[in-house]
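Quick notes on the structure that follows.
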Amino acid sequence: MKKRANKALEPDEPLCCCEFVDRQGERSHVAACCCDCEDLDDACDRWLKKEPQKANSLSHLVTVMTDRLRVPWFWGGARRVDLSVLPPLLLLPVLLHVAALHFLLGIVVLTALPVLVLWYYYVTHRKKSRTLFFLSLVLFSLGYMYYLFLTEIFLRGGLGLTQLGTVTLGVALTLAALVHTKREPRYVWPHPADVHSTVTYHSPPPDRDPGHNGVGQEVMLANRGSGSEQQGQEVEQMDSGRSRNWCSVCRVLRPPRAGHCRICDICVLRLDHHCVWINSCVGQSNHRSFLLTLLLFLLTSLYGISLVLRSVCPQQNLVTALVYCPGVYNQHSSALCFTCAWYSCIVTGGLLHLLVQQLINVSYNVTEREARTALRDKTAHSLYWGLVVDTGVYSHGFRGNWAEFLTMGEGPDAPWPSLTDLV
């Protein structure tokens, strides 16, 4: 197929809602997603002729199609659709409806679903790649459970406006806390005093062996402050193999407790961990809102589960209703609600474990990153199979640790996320 020359992008010409700039920097249109694709033509020709495909042709074709798969947007042109958001939207309703057909199918689906999610988490964690799969799963699960609560539980009757308002308020507060958590976790930017710093390379003195370490130079960082400060300040050696505070990727000096996230590829102040469920790092600026999001989600989920079980199993108490609910599979709507209650319990149990671990770490003034490092280096005291990790480095007692956590600064320039950054 003859390749058509794309229209060159003019500097002052804005993009319409259906146009975008492709990987080659050329203007394109969403309707031309399958046009001028030589890779696709070549792959189809080889498949029809039963010839072997070229090396890396499939991955290159996926990259091209991913770049062209976009949706119209109101400003800035068409937005690219991340394919990782689609599996939860398509598979979750189907799997839940299949699980509602029979209790044996429910056992299989509700057992396989967490295993598949954990397996995908392990794969993405090893590749150190960002994905919207987990954030999409959280948002769609919350929205789909609320939709079923309205259509299957509230419309049945027996629930008043107070219960509906409480669940709605819980969902709204959870989403608001999630938006606040998606703010910048406060990255490590070069300090104003370090912006004017220079890296000076000094030749070795004559009496020094120039072949030492195979390098005839050493890196020395001199801070250009005032005259008295410059004379009194020691010159810090910036050997990449010895300096633990220097980030060779971000080219910044990290303050204590800051860390470099290999997934976001940036240094974060008081880095706790990279949370795949929010597709962002948890750091100094958003750690408190992260705990608030978990708490609101758990309270809303537990209250919603209790209302669902009271509706589909009115003759049982809440504890035994999850195990024994006679006649719940006689109607598909009741079975679907019961299955969703079990699914919510599984999600709630995982997030409850995360919240408990976070509360313990805050009580001992240790981040998740510091806990993992201390356990790996065997420099911490651990209890209950690693659930409690006490490094003893920053701890000021229970009250002092919580006072420090609740009063640590957020930073004045933490921007709010854009609408497209939330999903």
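None of the figures in this text is laboratory data; all of them are computed from the coordinates on show. Treat the numbers as computed from the prediction; the structure is a model and nothing was measured. Because the Cβ atoms are built from the backbone with ideal geometry, glycine has one as well, and the counts that use them run over all protein chains shown.
Couple of notes before you dig in:
- Gain in span if fully extended, Asp42 to Leu89, counting 0.36 nm per residue against the direct Cα distance: 13.7 nm
- Amide N of region 348-372 lying under 14 Å from the label point, which is placed 7 angstrom from the Cα of Leu118 along Cα→Cβ: 349-351, 353-354
- Averaging the Cα positions of each part gives two centres, and for region 260-325 and region 82-98 these lie 20 Å apart.
- Length released on extending from Arg262 to Arg130, taking residue separation times 0.36 nm less the Cα-Cα span: 46.5 nm
- Burial order of peptide ranges 289-295, 86-92, 318-324, 140-146 (average beta-carbon count within 10 Å, highest first): 289-295, 140-146, 86-92, 318-324
- R0 of 30 Å, Cβ-Cβ distance Thr320-Leu387: FRET efficiency to nearest 0.05: 0.55
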